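What follows is one structure encoded as structure tokens, with my remarks underneath.
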Amino acid sequence: MFRSVRRALCAMAAALLIPLAGAQTAGAAADATDAAAAPGAGYWHTSGRQILDAAGQPVRIAGINWFGFETSNHVVHGLWSRDYKSMIDQMRSLGYNTLRIPFSDDILKPGTMPDSINTSSGMNADLVGLTSLQVLDKIVAYAGQDGLKVILDRHRPDSGGQSALWYTASVPESTWIANLKSLAARYKGQDTVIGIDLHNEPHDPACWGCGDTTKDWRLAAQRGGNAVLSVNPDLLVFVEGVQTVNGVSGWWGGNLMGVAQYPVQLDVPNRLVYSAHDYATSVAQQTWFSDPSFPDNMPGVWDKYWGYIFKQNIAPVWVGEFGTTLQSTVDQKWLAALVTYLRSTSAYGADSFHWTYWSLNPNSGDTGGILNSDWTTVDTVKDGYLKSIKAPLFPSTGGGTGGGGGGGGGGTDTRACSATYAVTNDWGSGFNAEVKVTNTGTVALSGWKVTWTYAGTQKITNSWNATVTQSGQTVTATNAAHNGALSAGGSTSFGFGGAPGGGAMPSVSCTAS
């Protein structure tokens, strides 16, 4: 069955955030696990059905999609409302450890510029004047500082829409290959980027194993994957399925039945990860949703289309997209069943299916997002479904920026932290701001305190992810229970609302404990 094209409801102009009315709930999984010895360092490779880091430790991709570079905006969405750093910090605080970033080949055209980026009140200040690719560089670098990995997803040949095949009349295979190699070279040596998803959702007339080089996605994936590895042999190559194999149809990109007879063969061993997409009725109806045994029938469906690859130890399997509005009971049962099928981290660790949820963005017409329509607050019900399959963050690449330091310690073991203050929105009568706290010392912190003094009459009205108090013009913020523990180089953030807006940016200091 053809699945409907996801409708990205692109907002082309900047939008004001509404003041937050209460504390934002954030998962605790992200903040205490960022230890230097944690799995995930360096480039990754595969062994059977598992993905291993450079030291041979198993890792689990447990992430989220943030789309926009593939659209006519030529940049991730939401920057019309928020600073990109605060959005990445929030993903981290929610416990997502990997970011899948869709793009179109348009962003590789010389001089392609992003639009709908709000740079007022200090937001996104370091993105001013940058091309789309340069903005991508910034996002990759900051994600790495926060302990997230990045998978680049060649989503579309151009921003006009999805294509069934990996090429079109205007974007031939030669351009696809050249652009894959260009990105592989651009991020060579930056192990934040762990791999490339070669093409999003191949579908009819794409085939798997038919031998027709103009339609056989398996053969094309070998050409594209080997091109990537010829430039950067350390990358993982993610290969999605097709729609129809031997007359059996499923989701676009979700049918990997052909792997059993025709596996993808790459020149560099232990770099291949197969990727499936799976959706609920908010995207399209499928026959299995009306089966009398639903949802008990779903594990058998997933086994047939892609789960067998993992269960037979052929290769790792990454569910690169899955999502739903959660409006119907069927969809709720589907998501609960899928989460169980993907295997809980507590029971199975990294010997599990990998995943990136679709999507962070609330403007995905078929699924909505983890963020609500204000681009700031979290759909805690939807996010809560994913709790059992989230996994630890990976080691930070370091390199964060900061303000004043504090704390102390003797010898080579020092406790210190820095903090940076950014206004994320200012509508005159009020404002929202976010403070990032970074452990700049050499040992782990058990807690932190940030202080600043306003020059004007600003008063804090609400806060989240910290306990914030104010005495006169002086504000003190101490860590919440879930984000006080920070390993060396680790970071976290908290936010707050206040009034009035328009005030000068205060200097902040951080004290470590």
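The values are calculated or read from the model by the stated rules, or taken from the named source; none is laboratory data. These numbers come from a predicted model, not from an experiment. Cβ: placed from backbone, ideal geometry, glycine included. Neighbour counts: every protein chain shown. These area figures cover heavy atoms from the full protein model, side chains too; ligands, DNA and RNA do not enter into them. Shrake-Rupley method; radii C 1.70, N 1.55, O 1.52, S 1.80 Å.
Out of region 214-245, which residues are touching a strand residue (DSSP E or B) at 6+ places or on another chain (Cβ under 8 Å) and without any contact (Cβ under 8 Å) to a residue 12 or more places away in the chain?
Selection gives Asp216 alone.
Mind telling me which of the residues Thr451, Thr438, Thr476 ends up being within 17 Å of Val508 (Cα to Cα), touching a helix residue (DSSP H, G or I) at 6+ places or on another chain (Cβ under 9 Å) and not charged (D, E, K, R)?
Thr438
Is it the case that Gly189 is in a loop (DSSP other than H, G, I, E, B), open to solvent by 10 Å² or more (accessible area, probe 1.4 Å) and either within 25 Å of Tyr262 (Cβ to Cβ) or touching a Ser or Thr at 6+ places or on another chain (Cβ under 9 Å) (or both)? I'd like the intermediate steps shown before the answer.
On the way: in a loop (DSSP other than H, G, I, E, B): yes; open to solvent by 10 Å² or more (accessible area, probe 1.4 Å): yes; either within 25 Å of Tyr262 (Cβ to Cβ) or touching a Ser or Thr at 6+ places or on another chain (Cβ under 9 Å) (or both): no.
Against the criterion (in a loop (DSSP other than H, G, I, E, B), open to solvent by 10 Å² or more (accessible area, probe 1.4 Å) and either within 25 Å of Tyr262 (Cβ to Cβ) or touching a Ser or Thr at 6+ places or on another chain (Cβ under 9 Å) (or both)), Gly189 does not qualify.
What number of residues within region 68-90 are within 12 Å of Ser104 (Cα to Cα) and either open to solvent by 10 Å² or more (accessible area, probe 1.4 Å) or free of Cβ contacts under 8 Å to residues at least 24 places away in the same chain (or both)?
We begin by selecting, within region 68-90, every residue within 12 Å of Ser104 (Cα to Cα); these are 68-76.
Among the residues that remain, those that are also either open to solvent by 10 Å² or more (accessible area, probe 1.4 Å) or free of Cβ contacts under 8 Å to residues at least 24 places away in the same chain (or both) are: 72, 74.
Qualifying residue count for the region: 2.
Tally up the residues in region 289-323 that are crowded, with 24+ Cβ neighbours inside 10 Å and over 21 Å from Tyr348 (Cβ atoms), please.
Residues flagged as crowded, with 24+ Cβ neighbours inside 10 Å and over 21 Å from Tyr348 (Cβ atoms) within region 289-323 amount to 2.
Only one residue in Ser116, Ser93 is more than 19 Å from the chain's Cα centre (by Cα), open to solvent by less than 30 Å² (accessible area, probe 1.4 Å) and either touching a residue at least 40 places away in the same chain (Cβ under 8 Å) or over 26 Å from Ser487 (Cβ atoms) (or both). Which one? Spell out how you get there, then give the answer.
On the way: Ser93 fails: more than 19 Å from the chain's Cα centre (by Cα).
Matching residue, one of Ser116, Ser93: Ser116.
Going residue by residue through region 349-362, is there one that turns out to be among the β-branched types (Val, Ile, Thr) and either buried (at least 23 other Cβ atoms within 10 Å of the Cβ) or within 18 Å of the chain's Cα centre (by Cα) (or both)?
Here is the first cut: in region 349-362, the ones among the β-branched types (Val, Ile, Thr) are 356.
Now drop any that are not either buried (at least 23 other Cβ atoms within 10 Å of the Cβ) or within 18 Å of the chain's Cα centre (by Cα) (or both), which leaves 356.
Yes, region 349-362 has at least one match.
What strands (runs of 3 or more DSSP E), lying completely within region 434-501, carry at least 1 residues that are small (Gly, Ala, Ser) and touching a Leu at 6+ places or on another chain (Cβ under 7 Å)?
Those strands (runs of 3 or more DSSP E) span 491-499.
Which condition number does Gly56 fail, the rest of (1) part of a loop (DSSP other than H, G, I, E, B); (2) in contact (Cβ under 8 Å) with a residue 12 or more places away in the chain; (3) more than 23 Å from Asp379 (Cβ to Cβ) being met?
Exception for Gly56: condition (2).
Going through region 370-415 one residue at a time, which ones are open to solvent by less than 50 Å² (accessible area, probe 1.4 Å), assigned to a loop (DSSP other than H, G, I, E, B), at negative phi and at pLDDT 85 or above?
Ile370, Asp374, Thr376, Thr377, Asp379, Leu386, Lys390, Ala391, Leu393, Phe394, Pro395, Ser396
Could you figure out which of (1) touching a helix residue (DSSP H, G or I) at 6+ places or on another chain (Cβ under 6 Å); (2) of a type outside the set (A, V, I, L, M, F, W, C); (3) open to solvent by 10 Å² or more (accessible area, probe 1.4 Å) isn't true of Ser493?
(3)
Run Gln265 past the list (1) without any contact (Cβ under 8 Å) to a residue 12 or more places away in the chain; (2) surrounded by fewer than 16 Cβ atoms within 10 Å (Cβ to Cβ) and report the number of the one that doesn't hold.
Of (1) without any contact (Cβ under 8 Å) to a residue 12 or more places away in the chain; (2) surrounded by fewer than 16 Cβ atoms within 10 Å (Cβ to Cβ), only one is false for Gln265: (1).
Please state which of the following conditions Gly189 fails to meet, knowing it meets all the rest: (1) closer than 30 Å to Ser396 by Cβ; (2) touching a residue at least 24 places away in the same chain (Cβ under 8 Å).
All conditions pass for Gly189, except number (2).
For region 301-361, list the helices (runs of 4 or more DSSP H) that sit wholly inside it and hold at least 3 residues that are among the hydrophobic types (A, V, I, L, M, F, W, C); which are they?
329-342
Only one of these is of a type in the set (A, V, I, L, M, F, W, C) and without any contact (Cβ under 8 Å) to a residue 12 or more places away in the chain: Ala178, Ala206. Name it.
Only one candidate passes the filter, namely Ala178.
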